[in-house]
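What follows is one structure encoded as structure tokens, with my remarks underneath.
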Amino acid sequence: APAQAGSTPADPSELPISGALDDLGEAFDCARQLSLAFQDLGRRVGPAVASISSNLPTRGGQLRQVAQGSGVVVTDDGLLITSHHVVADGTVFRARFEDGREVEAAMLGADPETDLAVLQLEGESFPHAPLSTRAPQRGEFVLALGSPLGLGLSMTTGIVSGLGRKNLGLGIRS
């Protein structure tokens, strides 16, 4: 007999989606492989991600934090890319890595219009995530890593939704 409304059928074959469940094995395997790939990328790229603090010196010689954000080291010698709004109001910059290491950084350049900034870390031989030379494609999977609010490594996924957009009037502060 069919299940009554609001009750659960005793036999799974009575579920309206039971036929669809037969095909999910391959889909679950594919999703699991994608999950493992993201985990592997996080393990490999995570050490290159830093929490950036932007600071101003006070009269007493202390530092006052004025902004915080994330950055990623892209070269072995410590070239780091972050957001312009993270460093715009500071003069002393520090990068803190997941392993607890903290290093000073100097501003090399910034572009308020694209909200990008480049810092040079003091020291050498940093874990890094080299920039790709291949252009992204619309619809491509992407993985974003950061250290928001200094809370440690964080990851999320998405897709490239658009390319080459200009004059968006987003009101990014400079």
- prompt: Hey, among the residues in segment 93-131 that are of a type in the set (Gly, Ala, Ser) and free of Cβ contacts under 8 Å to residues at least 12 places away in the same chain, which one's least open to solvent (accessible area, probe 1.4 Å)?
  reply: GLY109
field: Given (1) exposed (fewer than 13 other Cβ atoms within 10 Å of the Cβ); (2) modelled with pLDDT under 95; (3) closer than 14 Å to VAL49 by Cα, number of the condition SER147 does not satisfy
entry: (1)
message: Can you report the number of residues in segment 41-81 which are in a loop (DSSP other than H, G, I, E, B), within 24 Å of PRO127 (Cα to Cα) and not β-branched (Val, Ile, Thr)?
response: 3
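The values are calculated or read from the model by the stated rules, or taken from the named source; none is laboratory data. Since this is a predicted model, take the numbers as computed values, not measurements. All Cβ positions, even for glycine, are placed from backbone atoms using ideal geometry, and neighbour counts span all protein chains on display. Heavy atoms of the whole protein, side chains included, go into the accessibility calculation; ligands, DNA and RNA do not. Shrake-Rupley method; radii C 1.70, N 1.55, O 1.52, S 1.80 Å.
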